[in-house]
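Reviewing the structure listed below.
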Amino acid sequence: MTACSRRNFVSGMGALILTTGTSVKLSAQGEKPNETAPKRYAMVHDETSCIGCTACMDACRETNQVPEGVSRLEILRSEPHGEFPNQEYEFFRQSCQHCTNAPCVAVCPTGASFIDPETGIVDVNKDLCVGCQYCIAVCPYRVRFIHPVHKTADKCNFCRDTNLAAGKQPACVEACPTKALTFGDMNDPNSAVARKVRENPVYRTKLTLGTEPNLYHIPFAKGEHR
Amino acid sequence: MSTLTYPVPFHTPDLVWDSSIAIYLFLLGISSGAVQLAIAYRRSHKLEKPSENWIVRSAAVLGTIPTLIGLTLLIFHLARPWTFWKLMFNYQFNSVMSMGVMLFQVYMLFMVIWIAVLFKAEIDNLIKKFVPKLRFVTNIIGACERIFSAAEVILFILAAVLGAYTGFLLSALISYPMLNNPVLPALFLASGTSSGIAATFLCILIAGKLKGDSHEVHYIHKFEVPIMVTELGLIVCFFVGLYFGGGQKVVALQNALSGFWGAVFWIGVMLIGIMIPLIANLFASDKWKYNAKFIILVSIFDLIGVLCLRYFILYAGQLTIAM
Ligand code: SF4
Ligand code: SF4
Ligand code: SF4
């Protein structure tokens, strides 16, 4: 809990600095935000540019060797809006939200589910996981599953051990042809993801549960927003 | 996306925990109830030889065997059963399940002390007869005798905590509005106690062949009605809480009380598990009330009801997801 409040504090300070003149001066002088401050990785799915091609899903499967039958990332298609031939669909990204207050981490009896303190990424330590499925049951976003090969809990980890470790963006972000996905550090006010969130109408889901999700959506203009 | 249509009783889309968990919760309730009852009985009676009393004997069996079967079920419900030992070496103080693992170990320890002291003479005889080398065990039991009274009180508390734990395990699930309910631990404690009483009745009447109007039966009868009424009250609180909870809680309530699981609730839990035993206890004449066969029948109804309650809560609880 302390880590969360510190992270909140840091992000609060980031916003504060942003609204004062000093930060403008700082950035004008080319000074970078404190490198050692903890990151809070987040993602934005821009539903207005997503075309539902599912290239992100395929890239994830390949990069993270996700077996058939399960998936770390799904693009859900809505009922059509409008009449044929002018039908439009709304696409919704369903994947781990890397909750700042993650219930899956709180219930895990072995500590296998954890929040990486340096990045805020929620990940699973395969060696510790016994497969009790408590975390699968408690995740309100229904994104966890038992990996058919490892028999441990699995889900999106923002390619923490694959692309990110290699210094690249997550596979889905790299694969998206319309740049509908933006990934980065929310604690850095100059990051692309922080700017996206600041400059667009965004929404997050199930906020009332107190999970503090880090997956933002830019709403598709038509129909009721989730 | 899933194309299943409701209702599909045992295969709903968001179902994660299934039958083995329901049975596990049921077995723990029996263990908790039987042990609480036996300790209450032993402490309120001067027993010459507690090891010859059937309520105590029943608790020794019901306190251990169902727990061990339940734990075995739980272990084989893990996706990686053979890594279960990791649960015992990585305690997480914010995880209900991890605290439960710790609770089990302490409970079992005190259970063994309790049984060992009460059955000291029998254990001693067995050792003398078969493995004289284990003589030192008698000495250890002798040492335990000195802390017996305190250990018994602790065991009583642990048994009650175990009964409530089964509810906490589910109420921590914030994803299911029906389960994420503060009444659940109390409800499971009460229903677990009533199942423990019913199981004890079966033991003393069938295995112990006690008479229907024996002292033990009279004693246990005193608890049945109050506990069942408490259980009924808690069920009402549980549903009223959902009804006034608004949003998904109301949806959860509607989903739970309709279709297959609604039938399980009304027929299994309410009729078989509560109404019939309650009416039998309140209105049957003493001739029936102290008839062994009649008590056995009512106890079986009671156990069926509690098992249905576990199934109902677990499965109906997973029908509805928090928004
Ligand atoms: S979305 Fe689910 S799996 Fe991901 S951090 Fe939140 S609760 Fe855990
Ligand atoms: S399935 Fe694994 S990661 Fe999930 S709660 Fe159980 S031990 Fe933890
Ligand atoms: S790759 Fe991009 S456009 Fe295609 S489905 Fe994924 S998010 Fe949408």
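The values are calculated or read from the model by the stated rules, or taken from the named source; none is laboratory data. Being a predicted model, the structure only gives us computed values, none of them experimental. Note that each Cβ is placed from the backbone with ideal geometry, even for glycine, and that neighbours are counted across all protein chains shown.
The set of residues from the range A:131-148 being hydroxyl-bearing (Ser, Thr, Tyr) and buried (at least 23 other Cβ atoms within 10 Å of the Cβ) comprises just one member, A:134. Taken over the range A:105-119, the criterion of being outside any helix (DSSP H, G or I), facing chain B (nearest Cβ under 7 Å) and out of contact with any Leu (no Cβ under 8 Å at 6 or more places or on another chain) is satisfied by A:108 alone.
Any residue at all in the range A:166-180 that is within 12 Å of ligand 1 (Cβ to nearest atom), farther than 18 Å from residue A:217 by Cα and modelled with pLDDT of 95 or more? Within the range A:166-180 (the criterion being within 12 Å of ligand 1 (Cβ to nearest atom), farther than 18 Å from residue A:217 by Cα and modelled with pLDDT of 95 or more), the answer is no, since none of the residues qualifies. Annotation for the range B:101-118: at least one member residue is under 30 Å from residue A:110 (Cβ atoms), without any contact (Cβ under 8 Å) to a residue 24 or more places away in the chain and more than 14 Å from chain A (Cβ to nearest Cβ). Of the residues making up the range A:32-86, just one is part of a helix (DSSP H, G or I) and either within 14 Å of chain B (Cβ to nearest Cβ) or within 16 Å of ligand 2 (Cβ to nearest atom) (or both), namely A:57. Which residues, taken from the range A:121-130, are near ligand 2 (Cβ under 6 Å from one of its atoms) and touching a strand residue (DSSP E or B) at 6+ places or on another chain (Cβ under 6 Å)? Matches in the range A:121-130: A:124, A:129. Any residue at all in the range A:148-156 that is away from ligand 1 (no atom under 16 Å from the Cβ), of a type in the set (Ser, Thr, Tyr) and touching a residue at least 24 places away in the same chain (Cβ under 8 Å)? Among the residues of the range A:148-156, not one is away from ligand 1 (no atom under 16 Å from the Cβ), of a type in the set (Ser, Thr, Tyr) and touching a residue at least 24 places away in the same chain (Cβ under 8 Å), which makes the answer no. Summed over the range A:93-104, the residues that are in a loop (DSSP other than H, G, I, E, B) and not polar (S, T, N, Q) give a count of 4. When A:95, A:191 are checked against the criterion of being touching a strand residue (DSSP E or B) at 6+ places or on another chain (Cβ under 9 Å), at pLDDT 95 or above, within 16 Å of ligand 3 (Cβ to nearest atom) and small (Gly, Ala, Ser), a single residue qualifies: A:95. Checking every residue in the range B:7-16 against the condition of being farther than 30 Å from residue A:153 by Cβ and either modelled with pLDDT of 95 or more or among the charged types (D, E, K, R) (or both) gives zero matches.
Could you go through the range B:234-246 and let me know if any residue there is modelled with pLDDT of 95 or more and either basic (Lys, Arg) or under 16 Å from residue B:195 (Cα atoms) (or both). Yes, that holds for at least one residue.
Residues that are within 22 Å of the chain's Cα centre (by Cα) number at least 2 in the following helices (runs of 4 or more DSSP H) confined to the range B:267-323: B:276-283, B:292-317.
Inclusion of residue A:151 among residues that are in a loop (DSSP other than H, G, I, E, B), within 14 Å of chain B (Cβ to nearest Cβ), within 15 Å of ligand 2 (Cβ to nearest atom) and exposed (fewer than 15 other Cβ atoms within 10 Å of the Cβ) is not warranted. The set of residues in the range A:127-148 being more than 8 Å from chain B (Cβ to nearest Cβ) and of a type in the set (Val, Ile, Thr) consists of A:143 alone.
Can you find even one residue in the range B:130-137 that is away from ligand 1 (no atom under 16 Å from the Cβ), hydrophobic (A, V, I, L, M, F, W, C), at negative phi and not in a helix (DSSP H, G or I)? Yes, that holds for at least one residue.
Scanning the range B:172-224 for residues that are aromatic (Phe, Trp, Tyr) and part of a helix (DSSP H, G or I), we see that the one that is surrounded by the fewest Cβ atoms within 10 Å (Cβ to Cβ) is B:219. Selection of the range A:167-202 for residues being under 22 Å from residue A:91 (Cα atoms) and in a loop (DSSP other than H, G, I, E, B) yields A:169, A:170, A:176, A:177, A:178, A:179, A:180, A:200, A:201, A:202.
Filtering the range A:179-204 to residues that are buried (at least 19 other Cβ atoms within 10 Å of the Cβ) and within 14 Å of another protein chain (Cβ to nearest Cβ) leaves nothing. Residue A:128 falls short on exactly one of the conditions (1) within 15 Å of ligand 1 (Cβ to nearest atom); (2) surrounded by fewer than 22 Cβ atoms within 10 Å (Cβ to Cβ); (3) within 24 Å of residue B:166 (Cα to Cα), and that condition is (1).
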